[in-house]
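The values are calculated or read from the model by the stated rules, or taken from the named source; none is laboratory data. Bear in mind that the values here come from a model prediction, so they are computed numbers and not experimental data. Note that we place each Cβ from the backbone using ideal geometry, even for glycine, and neighbour counts take in every protein chain shown.
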Amino acid sequence: MNSSHFQPTDNKLLMAMPDESKHRVYPHLKLIELTLGRVLHEEGQPESIVYFPVDSIVSLVSVMADGSSAEISVVGRDGLVGIAVFMGGESTLNRAVVQSAGFAYQLPAELLLFEFNNNQAIRMVLLRYTQALISQMAQTAVCNRHHSIDQQLCRWLLMSLDRLSNNHLIMTQELIANMLGVRREGVTEAAGKLQKLGVIRYQRGHITVLDREKLEALCCECYATVRDETDRLDTY
């Protein structure tokens with residue numbers, strides 16, 4: 001989609017800002033294109049910029065000393081990348097990498113921190129979002145430990161779809177394997193099963209979900225748990 005189609009209100013957190021905050025924040029927003037695989041910040045680095053995706057998806061990834069990694073949560077048009085800015089940590093232990101290419105608004109971190117400290121309405125919205133994100137992290141850890149690669153892939157696809165405006169993802173099997181922390185062969189086998197069942201169509205890094213209802217039926221309970229908690233907290 002052309003960048004001219006986007007407005008700050010395409011991101012739910014930016015849309016939820018009261019008018020006085022919009023007047024202060026919106027002039028400082030910069031719409032940028034996020035390419036697939038771009039790293040927005042590395043673990044341990046201070047977060048001087050926060051990102052509000054509008055049609056892109058960003059994965060928060062935990063990286064081990066041996067270089068292996070696994071996704072712990074995803075951020076799309078429902079949220080922002082950079083919660084450490086207002087949670088007091090200034091930096092995180094996670095890498096933020098673009099999972100699905102698209103656009104996002106960036107904002108100097110100190111401007112968001114000012115709004116958090118001086119506007120109760122914004123503070124409550126950001127804290128509710130953070131709670132939903134923490135719930136997603138916790139359920140992802142449980143899913144990765146107790147459920148099959150097939151189920152994890154279904155959960156991953158559904159969570160990605162919830163953060164897009166269509167049913168199409170541009171994603172290589174290698175990157176999916178890195179996100180799930182599993183071998184590429186496992187993802188290839190799981191994706192092949194879904195394709196044979198008519199749930200998805202996969203070709204050259206393009207994944208199209210053909211039957212969402214069946215995809216949800218094949219998924220473990222982790223997706224519904226995260227979705228329901230997000231919906232409960234989504235009062236903005």
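Anything in the range 164-195 that is more than 17 Å from Ala101 (Cα to Cα), in contact with a strand residue (DSSP E or B) (Cβ under 6 Å, 6 or more places away or on another chain) and in contact (Cβ under 8 Å) with a residue 12 or more places away in the chain? List them, or say none. Residues satisfying the conditions are Gly181, Ala191, Leu194. Of all residues in the range 167-202, exactly one satisfies the criterion of being surrounded by fewer than 16 Cβ atoms within 10 Å (Cβ to Cβ), modelled with pLDDT under 80 and out of contact with any helix residue (DSSP H, G or I) (no Cβ under 6 Å at 6 or more places or on another chain), namely Ile170. So, Ser100, is that one buried (at least 24 other Cβ atoms within 10 Å of the Cβ), outside the structural domain of Trp156 (by TED's automatic domain parsing) and in contact with a Leu (Cβ under 9 Å, 6 or more places away or on another chain) or not? Answer is no for this residue. In the range 129-154, the residues that are outside the structural domain of Gly186 (by TED's automatic domain parsing) and modelled with pLDDT of 90 or more reach residues that are of a type in the set (Phe, Trp, Tyr) and surrounded by fewer than 20 Cβ atoms within 10 Å (Cβ to Cβ) with C-beta atoms within less than 9 angstrom, at least six apart or across chains, in these pairs: Tyr129/Tyr236. Can you name the condition, by its number, that Ile83 falls short on among (1) over 19 Å from Thr140 (Cα atoms); (2) β-branched (Val, Ile, Thr); (3) surrounded by 14 or more Cβ atoms within 10 Å (Cβ to Cβ)? Against the list (1) over 19 Å from Thr140 (Cα atoms); (2) β-branched (Val, Ile, Thr); (3) surrounded by 14 or more Cβ atoms within 10 Å (Cβ to Cβ), Ile83 comes up short only on (1).
One line per residue, one yes/no per condition, for (1) in a helix (DSSP H, G or I); (2) over 16 Å from the mean Cα position of the chain (by Cα); (3) of a type outside the set (Phe, Trp, Tyr); (4) within 16 Å of Val50 (Cβ to Cβ):
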| position | (1), (2), (3), (4) |
| --- | --- |
| Gly79 | no, no, yes, yes |
| Leu93 | no, yes, yes, no |
| Leu112 | yes, yes, yes, yes |
| Phe116 | yes, yes, no, yes |
| Leu127 | yes, yes, yes, yes |
| Thr140 | yes, no, yes, no |
| Cys143 | yes, yes, yes, no |
| Gln151 | yes, yes, yes, no |
| Leu175 | yes, no, yes, no |
